[in-house]
1. Quote the charge dipole size of chain B about the Cα centre in Debye, to the nearest 20; the model charges only the Cβ of Lys and Arg (+1) and of Asp and Glu (-1).
2. Taking the number of other C-beta atoms within 10 Å as the exposure measure, put B:ARG64, A:ARG341, B:ARG277 in order starting with the fewest.
3. Past 32 Å, Cα to Cα: identify those pairs from A:LYS291/A:LYS329; A:LYS98/A:LYS447; A:LYS516/B:LYS170; A:LYS316/A:LYS347; A:LYS291/A:LYS318; A:LYS318/A:LYS373, in the order given.
4. Please sort through the DSSP H helices of chain B and keep those with an alpha-carbon extent of at least 24 Å along the long axis and a Kyte-Doolittle average not below -0.5.
5. List the aspartates and glutamates whose Cα sits under 19 Å from the Cα of A:LYS111, skipping any in the same chain fewer than 8 residues away.
6. Got a sec? How would B:VAL13, B:VAL258, A:VAL222 order by Cβ neighbour count within 10 Å, fewest to most?
7. Starting from the range A:68-113, pick out the trypsin sites (Lys or Arg not before Pro) whose DSSP state is loop and whose Cβ has at most 10 other Cβ atoms within 10 Å.
8. Taking only Cα atoms, what is the 0 to 90° angle, nearest 10, from helix A:180-193's long axis to the longest principal axis of chain A?
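Read-outs throughout are calculated quantities, based only on the coordinates presented, and are distinct from any laboratory measurement. Every value quoted in this text rests on a predicted model; they were computed, and no experiment measured them. No Cβ is skipped: glycine too gets one built from the backbone with ideal geometry, and neighbour counts run over all protein chains shown.
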Amino acid sequence: MEKIICACGHSNPYGTKLCEKCGRPLTEEEKQNKVVDMRYDGTAIRSKTYNKSIIDKIWNFFSSVKVGISLIIITLIAASIGTLLPQEFYVKASDIEKGAYYADVYGTFGKIYYTLGLSDLYSSWWFQILVGMLAVSIIVASLDRGIPLYKSLKNQRVKRHESFMKRQRIVGEGQVTANAEETLDKVAKKMTEMRYSVRRDGSALLAEKGRFSRYGPYINHVGLIIFLGGVMLRLVPGFYVDESIWVREGETRAITGMDGYFIENKDFVLETHDNEAQGEQIKQGVNVVAKNFQTDITLYKQPKDAIPGDTENLEKVKDYSIRVNHPLKEDGFALYQMDYRLNELKKMKFDLINKESEKSLGTLEIDLTNPKKDYDLGNGSSVQILVYTPDFDGFENGEPQTKTSIPNNPAFLFKMTTPETPEGEVSFVEIMQPPLEPLGENQYRMKFAGAEMRDMSGITVRKDTTIPLLFVGGVIFMIGVVIGSYWNHRRLWLQIEPDGRVLMAAHVNKNMFSMKKDLDAVSAFAALPPYEDQLEKEEAGEESTDGGINEKEGDNTL
Amino acid sequence: MSLIDISGNLLFVAFIAYLVATLLFGGSIKQANATGNNTGKWGQLAIVVTIIGFLSQLGYFITRWIYTGHAPVSNMFEFTTAFGMFIVGAFILIYFIYRLTALGLVALPVALLIIAYASMFPKEVSPLVPSLQSYWLTIHVITAALGQSILAISAVAGLIYLLKAVDLTKPSKQRFWLEAVMYCLVIVIGFVTVTSTFGAMDYESSYNYVDKEGTTRKIIYNLPPIFGMNEYEVVEEHGMSPLVEMPALINAKKLTTVAWSLLVGSVLYLLIRLIARRRISAIFQPLVKRVNLQLLDEIGYRSVLIGFPVFSLGALIFAMIWAQIAWSRFWGWDPKEVWALITWLFYAAFLHLRLSKGWEGQKSAWLALIGFGIILFNLIAVNLILAGLHSYA
């Protein structure tokens, strides 16, 4: 593309609006404007310059702030729809029953909500594409504007053309009484005092403060992109582990997802506040408030050369009490106290008794997690467990079925052998139910003689290697947003023409209020001519007609 | 007198002080209208009383903190009261930057309404559940509330801006919506009036009902029932019987509260309209006719600029750090989390619209009001209607 040669002789890249060197307006549009658009200091913005190839079109689409804002608003509305009903991961129903759950609990609306996939909105392809487009928009828009803005601010000249000065929002013009050099010295002194950095070039002066704040938005966008990148990285295997395990008291088991580590649950503790129920608690019928959920554990590690699954020779790593808000951290993993189940059956005791005489031939104790096949009671009596279902759920084709492997509702098919019944009698025993005798009337039965309970801790195992990256993204975002919000970029141009006329112009990207305070201070100190706010003047005229500020562009700059 | 009583009294003093300061700010504006001086004697007195009120409320906050042993931001009453306090704090901060007394005339009544609203919730000290037992409770909640309060000041400036700028003499959408905002404020007064009236009478009616899981439960109404719970049966009833029975999905007790608030609020609104023979916005318009629109616009924008980073830090970053520690994941799409994200996205859109599309003045003022609406929605609706991990109250 051809360069634009300015009247001052400087050659500007195609698309430049204000000459990089002297600031003269280069386009017809800028020449018409009373106040120039200073958002990007008049540099050539790719998206505003090229619109021919398909790449230009895509680039322009994503760099458009209008598109960016639309994406934000669409994301916002979509996210809010997802809060109308609880999302699937908060619903306590199995995957197959979920549809029915929504229809049952929330009626027709629930059914529609579920059918449209809104009950799992945040992991839907379209929501993720939306966030992805937002990310692309952030990247493209930042590159599109950030780079030219940086170049332009870095190469600023002190001396600007009169046409540039007069098109700033704040302008001033007049004669000074003192001589030129003295006025410039005074201005320089005062501005330096107010922590501006002052540059001079002959009879021109540029005082500038807080330029870095212009980069704030771009810095915070970098932070956001790093953050979103970190979130994406979690999809890569190995970066992210999320498992839950149940560990019973007294049990030592391998930690799923954390190879080579074993956890022993020594004790689960549930404490409640010993306060008396008051007001609202009585109303809701809640009189206990949980105070502490805690699992005392020992963490073990396999020696380096051990075979996987070998639980012998475990090395103790540490003892720890895992509590809510106090996860155990080890080797990049964290173990959280997430759930518990009280009083799970651990062992059951049965007496083998004669039905008529009620005389016991002996007692057997069954470890429900690891039952033996044969229990020899001595004196020629023994009991065999033919079938064990930890969580009995009825019969199917005559076979007892188990729902889960957790002993919630243990049931046994026993074969009882006694000297009187050497052939053995078969009995099906379920808690709280009379025994079934499938092969005919028995002489003996198994009588329940007590159980041993224990608690169970639900532990969540997490490894999230992306956390440091997310943290860095968050920190960069905060730095960017703080410097972009709490500082502003102020500039004052001052030139004394050979005829003794003073030309003054000022620009600030936001917070005009503070800029005017600075200007008042320096004007009073150096006896500068009065300045005027060209936009305020414009509005004062408009106010009588519509009573407000109209939509306008170019007052504020990124 | 125990510490908790002192705490309650300090809150009461603060409430009265804000009330007095509101009147003084009104006086200062009348005076300013006469003399043209923006911060006359009335104005100075008003800000002094405001600061006394703020210090008193800070005293409430600290004594309650000492008494309960944790930052008093753990239930609806505590959090909402603190939110009101931070709004006053944010107002004082902005006041000392811009010295605009008109701001107090709206900021203080808003804070008063919020504190009055808060005091309708149970004030008992309740012990903390395990997930809340962390110093992150203090850090996250206070920073988030502070951010929201500073953002709220932009809505205050926006409201004043619109009160002045909107032409109330001829019908327009803006006139309608501005009056709708005023109507909402009256509804809050209605809620406070009806709740505290029946509260003072110790009104109670109790029913058994069947909830959506099919279990029978008991519920106590503190307002005369308009709507009945699903398959309700009277246990003890006073005054009136429910007019309509609601399905299990709807909490008829909360709906009754909403209905009473709307009813009483609307009656109040009509009375005001009948007595003043003007719109409420028109009653306030003369008070703000001297304010500088440019300055208000600047204040609105500035408070978003100050509040946005604080909000991002408190409601998103600190929230994520705590969620990672307590719940094992930094983000779980819990309704409160989602609405914090929505608030953040909304203000991000606000800033981009302002910077790049030049949405200033009236548009910006409306956006600020909508933003405050989202903040209130997150505070009220998300806690009370949408079920989630944050439903503590």
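1. 1720 debye
2. Listed from fewest to most nearby Cβ atoms, that is B:ARG277, A:ARG341, B:ARG64.
3. With Cα atoms farther than 32 Å apart: A:LYS98/A:LYS447; A:LYS516/B:LYS170; A:LYS318/A:LYS373.
4. Result, helices passing both filters: B:3-35, B:41-68, B:76-98, B:102-118, B:135-165, B:173-200, B:252-276, B:293-311, B:335-356, B:362-384.
5. By straight Cα distance, A:LYS111 reaches A:GLU88, A:ASP95, A:GLU97, A:ASP120, B:GLU213.
6. Lowest count first: B:VAL258, B:VAL13, A:VAL222.
7. Sparse-neighbourhood loop trypsin sites (Lys or Arg not before Pro): A:LYS92.
8. Relative to chain A, helix A:180-193 is tipped by roughly 20 degrees.
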